[in-house]
Structure formats: C-alpha cells, structure tokens
Amino acid sequence: MISVEGLTKRYGDVPAVEDVSFHCAPGTVTGFLGPNGAGKSTTMRMICGLTPPSSGTATVQGVPYGRIANPGRHVGVLLDAAAQHAGRTGRETLALTAMLTGVGRDRAGAMLDLVGLSGRPARRRVAGYSLGMRQRLGIAQALVGDPSVLILDEPANGLDPEGIFWMRGLLRDFADRGGTVLLSSHLLREVEAVADRFVVIAGGRIAARGTKEELLAAP
Ligand code: ADP
Ligand code: ADP
C-alpha cells in the first residue's frame, strides 16, 4: 500500500509537484503517466524519502519510508542507475545489494536468473551494459529483498519490445501475488497492458486518475 496526500515540492518559488494525492492498493499495478518534466520522479523520490516534500505526506505500508526498518525487505525501488557502480560486474552489484538488504547470495543468483542476466552478462562490468541491461539489473536489485511494494521510475526506458513484454509478465505476477506496484512512464503504450489503474500527472498536478475505461470516459 502506498498513500500520497497533498504532496508538494517547490524549488524556489517554482512548484515541481503540487498537491498530489493518490493511493496504490495491494494486488494492483498503478501506472504513473505524464510527459517528461511532469513531476513523476520528484513524486517518487518524495515517496522514497530521497527528496523532502515542501508539504504533504507519503507513506508506504502505513509509515513514512524513512521510518521503515530495513526498507529493502519491504520496498523495492528503481529510481535511476545511481545504485549501480560502473566498475562492478552485474553479479558483484547484486551481491552487494543482497548483503546490504540482509538476504543471502543465493537470492542474488536467483534474481540474476529471473531478469535474464545470469551467466556471461553477470560477469561483465556494468560499464559495458546497455540501458536495457541496467534496467534489468535494477529490477533484480529492487526484487532481491523480496519486497511487497515496488516503486519503479521509467523501468521500460531502454528495454526492447521483448524486454517490455517480459517486464509486464513479471509485474503482473508480482501484483497477482498481492504486491503493490507504482510504475512510471511517459509512454502510455509501455504501461497500458500491465497497469490496472492510472494516475496522470502534468505540470506537477494530477490531471486524471482511474482505470483505462474511466480515463477514456472522462469528459
Ligand atoms: P480518499 O477519499 O481516500 O481521500 P482521495 O481523495 O485520495 O481518496 O481520492 C479521491 C478519489 O480518487 C477516490 O475515489 C479514490 O478512490 C480515487 N483514487 C485515489 N487514488 C487513486 C488511484 N491510484 N487510481 C485511481 N483512483 C484513485
Ligand atoms: P518527470 O520525472 O516527470 O520527468 P521530474 O520530477 O524529474 O519530472 O521534474 C519535475 C519538474 O521539477 C521539472 O520541471 C524539473 O525541471 C524540476 N526539478 C526536478 N528536480 C529539480 C531540482 N533538483 N531542482 C530544480 N528543479 C527540479
């Protein structure tokens, strides 16, 4: 469960996000849609406690992210490639994330398998990875702690059509087992097949929300 109430972020006088409220329920994938610069990343960073809000609140499983003990065991986050050091191999990257999250190395190996990076790719340095491979590694990092909530910022960026199809199956499966997913994209076609509900943001404000049918029926 993710709850966002009246989240606002101003840089100087300029609002990047203004009075944004929405919920993401267990068992659902929420597509967070909006053009570049709309405020998606800022909202997600506030949910994850990386950007302090000017006002408003965000909770994950009922508490602010910063107050979750061992957040990696509850919330899987893919915000950008910042958690990947270019000089490390894929396997080293995931082993480190697993260690920091407090799960075993076997779990790291299983996640490499799950995202299709086991074998040769896992032994290569991240510096030589394509963007799609880095996204797959990021998804593995997000999943390694066996979380019940996933917050993914533009994970389809850099994935080829086959990769987008694969991610769709993975997220559907995660939600069908009771997980909560918040998934951002600037492209409807990347998320429309997997998301149950949509929150549309433009110019820092919520422009629309609901199921695809509700959005299409809106005046
Ligand atoms: P609440 O009544 O819990 O304060 P909000 O004011 O946040 O709810 O939301 C108003 C309406 O928008 C409600 O009908 C709620 O179900 C709906 N809503 C909230 N979050 C979402 C979402 N992620 N997707 C679709 N609809 C939503
Ligand atoms: P999106 O993720 O939808 O592309 P962002 O959340 O990255 O949008 O950005 C929303 C707005 O906030 C943009 O106008 C962006 O330029 C501005 N912004 C984001 N981060 C900062 C920052 N650190 N300082 C100033 N402005 C920022």
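The values are calculated or read from the model by the stated rules, or taken from the named source; none is laboratory data. Everything numeric in this text was worked out from a predicted model, so none of it was measured. In this analysis, Cβ positions are derived from the backbone assuming ideal geometry, glycine residues included, and neighbour counts consider all displayed protein chains. To get the accessible areas, we keep the full protein, side chains included, count just its heavy atoms, and leave off ligands, DNA and RNA. Shrake-Rupley method; radii C 1.70, N 1.55, O 1.52, S 1.80 Å.
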*Glu190 versus (1) of a type in the set (Asp, Glu); (2) at pLDDT 95 or above; (3) within 26 Å of Lys9 (Cβ to Cβ): which is the lone unmet condition?*
(2)
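Just one of Ser130, Ser184 is small (Gly, Ala, Ser) and open to solvent by 50 Å² or more (accessible area, probe 1.4 Å); which is it?
Working: Ser184 fails: open to solvent by 50 Å² or more (accessible area, probe 1.4 Å).
Step by step, each of Ser130, Ser184 is checked, and only Ser130 is small (Gly, Ala, Ser) and open to solvent by 50 Å² or more (accessible area, probe 1.4 Å).
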*Among the residues of segment 155-163, is there at least one that is away from ligand 2 (no atom under 13 Å from the Cβ) and of a type in the set (D, E, K, R)?*
yes
*Whichever residue in segment 2-13 is more than 9 Å from ligand 1 (Cβ to nearest atom) and surrounded by 14 or more Cβ atoms within 10 Å (Cβ to Cβ) and, among such residues, is farthest from the chain's Cα centre (by Cα)*: Arg10
*How about segment 203-215: which of its residues are away from ligand 1 (no atom under 13 Å from the Cβ) and either part of a loop (DSSP other than H, G, I, E, B) or under 27 Å from Ile139 (Cβ atoms) (or both)?*
Gly203, Gly204
*Which number in (1) open to solvent by 10 Å² or more (accessible area, probe 1.4 Å); (2) aromatic (Phe, Trp, Tyr); (3) under 16 Å from Lys212 (Cβ atoms) marks the one condition that Phe174 misses?*
(3)
*segment 148-175, residues that are more than 20 Å from Thr28 (Cβ to Cβ) and of a type in the set (Asp, Glu)*: Asp160, Glu162
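Among Gly169, Gly158, Gly145, which is the only one that is assigned to a loop (DSSP other than H, G, I, E, B) and surrounded by fewer than 19 Cβ atoms within 10 Å (Cβ to Cβ)?
Gly158
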*Within segment 14-65, considering residues that are more than 13 Å from ligand 1 (Cβ to nearest atom) and of a type in the set (Val, Ile, Thr), the one farthest from the chain's Cα centre (by Cα)*: Val14
*Under 7 Å between Cβ atoms, at least 6 apart or on separate chains: pull out the pairs that start in segment 90-109 with a residue that is under 18 Å from Val75 (Cβ atoms) and end on any residue that is among the polar types (S, T, N, Q).*
Leu94/Gln141; Thr97/Gln141; Gly102/Asn70
*In segment 203-214, what residues are open to solvent by less than 70 Å² (accessible area, probe 1.4 Å) and farther than 28 Å from Val14 by Cβ?*
Gly210, Thr211
